[in-house]
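Below: the structure, in structure tokens.
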Amino acid sequence: HNAKAEIDIEGDSLDNRGMVIDFSDIKKIVKTWIDEKLDHKMLFNQKDPLLPAFQEHKEPVYIFDNNPTAETIAQAIYDYARSQKLNVSEVRVWETETSYATYNGKES
């Protein structure tokens, strides 16, 4: 699968450069994490019966607590970015040009 992630970041003020945050800073933090953790990996639910076989053969995997849906991937990106002190308001993961899932951390 290929996907595209969009990350919305909010701020109450601009820095001395006139930015909430420089796009290159987001790329360094979030894209690096995506490349290291998710890209070219098999994405598994921790309860997937195939997971042990992939791990035994040292295949690259990333393990989620739930099914690795676009929504779950958006949540993982959101949670990581927030853990890095980015003021993320929303993450969208596009599976196709017309289909995406959004996660914003708000309880329904």
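The values are calculated or read from the model by the stated rules, or taken from the named source; none is laboratory data. Because the structure is a prediction, the values reported are computed rather than measured. Heads up, the Cβs are rebuilt from the backbone with ideal geometry, glycines too, and the neighbour counts pull from every protein chain shown. These accessible areas exclude ligands, DNA and RNA; they are computed on the full protein's heavy atoms, side chains included. Shrake-Rupley method; radii C 1.70, N 1.55, O 1.52, S 1.80 Å.
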Going through (1) more than 27 Å from SER99 (Cα to Cα); (2) open to solvent by 90 Å² or more (accessible area, probe 1.4 Å); (3) not in a loop (DSSP other than H, G, I, E, B) one by one, ASP12 fails only at (3)
message = Just to be sure before I move on: is GLU90 touching a residue at least 40 places away in the same chain (Cβ under 8 Å) and within 30 Å of GLY11 (Cβ to Cβ) in the structure I sent?
response = yes
For region 50-108 the number of residues that are assigned to a loop (DSSP other than H, G, I, E, B), farther than 21 Å from TRP33 by Cβ and acidic (Asp, Glu) is 2
Across region 28-49, the tally of residues that are within 11 Å of the chain's Cα centre (by Cα) and assigned to a loop (DSSP other than H, G, I, E, B) stands at 2
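I want to confirm something. Restricting to region 77-101 and keeping residues that are in contact with a strand residue (DSSP E or B) (Cβ under 7 Å, 6 or more places away or on another chain) and surrounded by fewer than 16 Cβ atoms within 10 Å (Cβ to Cβ), which single residue is nearest to ILE21 (Cα to Cα)? Show your work before the answer.
Of the residues in region 77-101, the ones in contact with a strand residue (DSSP E or B) (Cβ under 7 Å, 6 or more places away or on another chain) are 77-78, 81-82, 86-94, 100-101.
Restricting the remaining residues to those that are surrounded by fewer than 16 Cβ atoms within 10 Å (Cβ to Cβ) gives 82, 87, 89.
Values: ARG82: 14, ASN87: 9, SER89: 13 Å.
The residue in question is ASN87.
Given the criteria closer than 20 Å to THR102 by Cα, open to solvent by less than 60 Å² (accessible area, probe 1.4 Å), out of contact with any Cys (no Cβ under 9 Å at 6 or more places or on another chain) and modelled with pLDDT of 95 or more, does ALA74 qualify?
Values: closer than 20 Å to THR102 by Cα: yes; open to solvent by less than 60 Å² (accessible area, probe 1.4 Å): yes; out of contact with any Cys (no Cβ under 9 Å at 6 or more places or on another chain): yes; modelled with pLDDT of 95 or more: yes.
When the stated conditions are applied, ALA74 passes them.
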